[in-house]
Structure formats: C-alpha cells, structure tokens
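Following: one structure in structure tokens, then a few remarks.
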Amino acid sequence: MSDPAPPLPSKKLYIETVGCQMNVLDSELVVSQLRSEGYELTDDPGQADTILYNTCSVRQHAEDKIYSALGRIKHLKRGRPDVSIGVLGCMAQKDQKQILHRAPHVDVVAGPGQLGRVSELLEAAKREGRPQLAVSLARNAGKTLEVLDSFPTFDPDRGPAEPTPRGATPFQAFVRIQMGCDKFCTYCIVPSVRGPEQGRPPGLIVEEARRLVGQGVREITLLGQTVNSYKYNHGDGRTSRLSDLLAALHDLDGLLRLKFVTNFPLDMTDDLLQAVRDLPKASRYLHVPAQSGCDAVLKRMKRLYTVDQYDEMMARIRETVPGVAVSSDFIVGFCGETEESFGKSVELVRRSRFKNSFIFKYSPRAGTKADDRFDDDVPEEVKRRRNGLLLAEQTAICREDNLPFVGRAVEVLVEGPSKAAGRQGESDGPGGVTQMTGRTTCDRIVVFTGNRRQAGHLLPVVVEDVSAVTLFGRVLTTESAPSPGPEAALS
Ligand code: 5AD
Ligand code: SF4
C-alpha cells in the first residue's frame with residue numbers, strides 16, 4: 001500500500017462577493033475548488049494569502065465599491081507582495097485589461113465563464129510573475145458555438161463532500177440550471193458579460209440536487225437569469241422545461257422546498273404555474289420583474305411585453321396558484337421616464353400587490369443599447385425621489401397584506417437563529433431557547449421563539465404580530481392550536 005499523500009500546505013483565502021444569487025453560487029464553487037487544493041477560508045483580508053473579489057456590473061455603484069476596495073488593498077500588497085489578488089465575475093468580463101490599468105497590483109482577472117480556472121490562473125500568475133487575464137468571447141466575436149464554448153459551466157465541480165454553502169445555511173443551496181441571457185433588455189449588461197443563454201442538462205441538475213440533499217440540504221433554489229425560459233433539447237426530439245425539472249426534483253426524498261429565480265413575464269407558461277400549484281414542495285412564490293408600469297418605457301427597455309400583458313399574467317398567476325406571493329423589480333428614472341410614466345409604475349405596484357419589490361435607480365452601462373441610444377435624462381435627485389415614493393407605496397402594501405396573517409398558522413422551513421440571536425449561541429436562554437427565523441412557502445420571513453435544533457425542519461407557527469417585512473409568531477403545539485377555521489389554514 002502506498003503512503004497517504006502528505007497534507008497540502010494551508011493557504012488562506014479571503015473572498016468578497018457582491019451582486020446577485022448567481023454570484024453567491026459562483027463564489028461558493030470557487031471556494032470549493034480552492035479548498036480542494038488546500039486553501040482555508042478567512043474573514044480577515046489581513047491574514048489572507050489570496051484575496052478574491054467576485055464582482056457585479058449591473059449598476060455603477062457595485063463597480064465603484066470594488067474599485068475602492070482595490071484601492072485600499074494596494075497598500076496591503078505593497079507590504080506583502082506575496083499576496084495574490086483576483087478580480088472575478090461580471091466586472092472582469094466587462095472591464096478586462098482596464099482593471100489591470102486601474103489596479104496594476106491585481107494578479108488575476110477572470111470572467112464568469114472562466115471561474116473553473118481560478119486556481120490554475122493564480123498559480124500561473126505566481127510562476128510567470130505577471131497578471132493573468134481570462135475572459136470569454138464577446139457575443140459578436142465568433143460563431144455561436146465558439147461563443148457558447150467560451151462560457152463553459154463549472155457547476156459539476158461542487159464535489160461530493162462539500163461543506164456548508166457560503167452565504168446560506170447548511171439547509172439551503174443554489175443550483176444553476178441556466179447560464180447567460182438572450183433577452184437583451186436595453187439597460188442591461190448581463191447578456192454581454194454572462195454570455196448566451198444555455199440550459200444545463202436535466203440529468204446533471206438532478207444529480208447535483210440529489211448530492212446536496214444527501215448532504216442535508218432541504219431547500220433548493222434553481223437559478224437562471226430568465227429561469228422560466230429554461231429548456232434543454234435532448235437531441236432525440238425531447239425537450240425538458242422548467243416544469244419537467246420541478247417534477248423530477250420533487251421526487252427527491254428529504255428535499256422539502258423548491259424555489260426558482262428569476263422569471264421573465266412572457267415565459268410564465270401555464271404548465272409552470274400548474275406545476276407550482278400541484279407540487280407541494282414548490283414554494284408558492286414567484287419573482288417576476290415588471291421593471292416599469294408604462295408601455296412607452298417598457299418599449300424603450302425592450303422588455304417585449306406591454307403592461308396589459310403583465311396584468312394578464314398576474315391574473316393568470318393568481319387564478320392558477322391560490323395564495324401565491326409575487327415579487328418584482330422596478331427601475332426608476334430610466335431614459336425618458338416622465339412623471340406620468342413613473343405614476344404608471346406606482347399604479348402597477350398598487351394593483352399587483354407584490355409581496356415585495358426591489359427598486360433600482362437607472363444606472364447607464366457602457367456597451368448597452370440604452371447607453372448608446374438614449375440620454376440618461378432623469379436627474380439623480382428625481383431618481384432618488386421616485387425610488388423613495390415607489391418603495392413607500394410597496395411598503396404600505398407589504399404591511400397591509402401581512403396583517404391578515406395574524407392569528408393564522410403558517411408552515412415555516414426553519415433556517416436558523418435570527419440575526420438578533422447571533423450565530424454562536426452565547427445568548428441562548430435555558431434549554432437553548434432563542435429567536436429563530438425561517439420562511440413560509442410564500443417566502444415570507446417568520447421570526448419565532450424556538451431553538452437551534454429546529455433548523456432545517458418544517459414547523460407550524462402561529463402568527464401573533466406582523467411588520468411590513470416580518471411575521472412574528474410562536475411554534476404551534478397541540479395545546480396552543482387556534483380553533484379550526486379559515487384563519488387556521490396553513491399558508
Ligand atoms: N440600472 C439599474 N437597474 C438595473 N437592473 C438591471 N440593469 C440595471 C441598470 N442598468 C436591475 C433590474 C434587474 C435587477 C437584477 O437589476 O431591475 O431585474
Ligand atoms: Fe438583464 Fe433583461 Fe436578461 Fe434580466 S432578462 S438578465 S434584465 S437582459
């Protein structure tokens with residue numbers, strides 16, 4: 001028998017992630033790759049041998065944050081030239097060499113399609129003593145297949161013995177089902193930095209999910225920029241869609257909840273809504289960004305639907321899936337948005353009664369159609385005011401729509417101790433009693449008194465109070481059950 005391999009020398013990795021859930025997943029996969037090469041995570045950049053930034057380009061603010069972090073880290077690198085610095089993700093693909101011009105102390109620049117090579121690139125930078133740049137092809141820089149090939153997936157790299165996913169609890173995991181985006185909304189940089197839309201093969205997705213469930217994951221969130229446009233052509237005449245995937249994943253023993261984000265309104269098909277209605281593990285929650293409530297703005301955004309079509313979709317959703325919660329994204333202050341067109345977004349929020357909305361001020365992105373063709377003509381203070389007004393409208397709706405939950409029993413998938421309770425448990429009361437948090441099937445946050453052992457389980461909780469963003473309750477025991485009636489229905 002050969003001797004066991006000597007332990008790899010420990011290297012310390014610090015990683016900072018900005019942006020969407022896709023980035024959180026990408027970082028997790030990079031960490032997993034580097035861990036298998038002997039890296040250990042640290043929360044302190046001062047202790048790290050390798051410092052990585054996984055970046056976002058959707059708005060200018062996200063980029064500014066990274067450039068200022070790179071500015072701060074320059075001094076650290078001066079004192080410790082051995083430290084490796086990497087810029088990963090969307091900004092790396094968008095700015096490419098410019099990053100090295102602005103921050104010559106960076107060792108690795110790797111776009112979202114190149115993350116499987118991070119460890120090799122870090123090594124090459126050390127060996128060759130010069131920065132490494134790895135990006136995918138621009139969408140018009142080659143034949144379709146060449147461009148697609150330049151964005152290889154690295155999802156299967158999440159090894160069988162992977163520890164807790166970063167940024168989530170041990171019971172929750174993201175699984176990518178789709179890369180890239182083909183919608184080309186005029187304001188959006190994503191189709192150029194994340195490349196063409198590609199669905200992953202269902203077999204690989206189910207295998208990855210099975211492995212995660214085997215490791216104790218109870219809730220899986222499927223990720224795609226337009227997740228409900230997912231399709232995979234098997235090459236033998238069969239095509240798999242998101243509803244097929246949900247049905248296949250639903251069969252996994254041990255899995256308790258399935259979610260998927262983000263949806264594109266025009267692809268919200270009946271088969272998908274029926275799957276959400278009929279599969280008990282499917283979360284009754286749909287994130288379907290509207291972006292604006294004004295046809296003229298939607299047209300300039302090239303969102304491909306009208307307000308009427310969005311309203312029709314909302315009606316179909318509510319009719320098909322009773323009790324469903326819908327959330328949305330809005331951009332305020334897009335090019336040419338008048339007070340009147342903004343007012344139509346307010347009206348859309350009012351009549352749609354979203355569970356919540358993420359509201360963003362338009363941020364022009366170089367390389368997008370909107371930036372080429374339209375003036376960014378809404379002043380910053382007007383954008384800020386509209387952002388505040390729309391948020392206030394949405395918050396009032398959140399509070400009103402949470403109120404009917406008081407007195408109801410809801411089924412909560414427990415995530416862990418609430419922020420107030422802290423991670424370590426020093427402040428737990430006798431018997432480990434502490435404040436726990438979880439979510440209902442319609443994605444409402446619930447805070448209740450419980451204990452850490454409940455994490456990863458489904459529990460009935462009676463709601464006693466609500467705020468705009470949270471339901472507060474206590475665990476329902478047989479003695480404390482509310483009298484049966486419509487208010488006791490599980491939500
Ligand atoms: N400016 C502001 N918000 C944007 N989004 C995408 N691109 C931009 C931009 N250029 C928003 C959209 C999208 C969310 C993820 O980010 O609302 O749904
Ligand atoms: Fe961007 Fe539109 Fe694609 Fe969403 S659907 S990622 S907003 S281009």
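What follows is calculated from the coordinates using simple rules that are stated; it is not laboratory data. Values in this document were obtained by computation on a predicted structure and should not be read as measured data. Note: ideal-geometry Cβ built from the backbone for every residue, glycine included; neighbour counts use all protein chains shown.
List of remarks:
- Of all residues making up segment 342-380, the number that are buried (at least 19 other Cβ atoms within 10 Å of the Cβ), of a type in the set (Gly, Ala, Ser) and more than 15 Å from Cys188 (Cβ to Cβ): 3
Okay, residues lined up against (1) in contact with a helix residue (DSSP H, G or I) (Cβ under 8 Å, 6 or more places away or on another chain); (2) surrounded by fewer than 20 Cβ atoms within 10 Å (Cβ to Cβ):
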position: Val261; (1), (2): yes, no
position: Thr269; (1), (2): yes, yes
position: Leu273; (1), (2): yes, no
position: Arg277; (1), (2): yes, yes
position: Tyr285; (1), (2): no, no
position: Ser292; (1), (2): yes, no
position: Leu304; (1), (2): yes, yes
position: Tyr310; (1), (2): yes, no
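- Conditions (1) aromatic (Phe, Trp, Tyr); (2) touching an Asp or Glu at 6+ places or on another chain (Cβ under 8 Å); (3) within 16 Å of ligand 2 (Cβ to nearest atom); number of the one not met by Tyr305: (2)
- Only residues that are within 11 Å of ligand 1 (Cβ to nearest atom), in contact with a strand residue (DSSP E or B) (Cβ under 6 Å, 6 or more places away or on another chain) and either in a loop (DSSP other than H, G, I, E, B) or among the β-branched types (Val, Ile, Thr) (or both) were counted across segment 350-370, and they come to 2.
- Of all residues in segment 380-410, those satisfying the criterion of being in contact (Cβ under 8 Å) with a residue 12 or more places away in the chain and either charged (D, E, K, R) or more than 23 Å from Arg439 (Cα to Cα) (or both) are Glu380, Val382, Lys383, Arg384, Arg386, Asn387, Leu389, Leu390, Glu393, Arg399, Asp401, Arg408.
- Residue in segment 325-333 that is within 14 Å of ligand 1 (Cβ to nearest atom), assigned to a loop (DSSP other than H, G, I, E, B) and not aromatic (Phe, Trp, Tyr) present: yes
- Members of segment 221-238 that are within 16 Å of ligand 1 (Cβ to nearest atom) and either farther than 9 Å from Ile177 by Cβ or among the aliphatic types (A, V, I, L, M) (or both): Thr221, Leu223, Gln225, Thr226, Val227, Asn228, Ser229
- Filter result for Pro404 (over 15 Å from Phe334 (Cα atoms) and surrounded by fewer than 17 Cβ atoms within 10 Å (Cβ to Cβ)): yes
- Residue-level analysis places Gly235 among those that are more than 17 Å from the chain's Cα centre (by Cα), away from ligand 2 (no atom under 16 Å from the Cβ) and without any contact (Cβ under 8 Å) to a residue 40 or more places away in the chain.
- Of all residues in segment 23-47 being among the aliphatic types (A, V, I, L, M) and touching a helix residue (DSSP H, G or I) at 6+ places or on another chain (Cβ under 9 Å), the one that is surrounded by the fewest Cβ atoms within 10 Å (Cβ to Cβ): Leu41
- Leu298 meets the conditions (1) hydrophobic (A, V, I, L, M, F, W, C); (2) over 30 Å from Leu458 (Cβ atoms); (3) away from ligand 2 (no atom under 16 Å from the Cβ) in every case but one. The failed one is (3).
- Pick from segment 185-203, criterion part of a loop (DSSP other than H, G, I, E, B), within 11 Å of ligand 1 (Cβ to nearest atom) and not aromatic (Phe, Trp, Tyr), ranking: surrounded by the fewest Cβ atoms within 10 Å (Cβ to Cβ): Thr186
- Annotation note: Cβ proximity below 6 Å between a residue of segment 294-309 that is free of Cβ contacts under 8 Å to residues at least 60 places away in the same chain and a residue that is part of a loop (DSSP other than H, G, I, E, B) (sequence gap 6+ or interchain) occurs for Asp295/Thr306; Val297/Phe334; Val297/Glu337; Leu298/Ser292; Val307/Gly293.
- With a requirement of 3 or more residues that are within 21 Å of Tyr14 (Cα to Cα), under 30 Å from the mean Cα position of the chain (by Cα) and not aliphatic (A, V, I, L, M), the strands (runs of 3 or more DSSP E) lying completely within segment 51-144 that satisfy it span 84-89.
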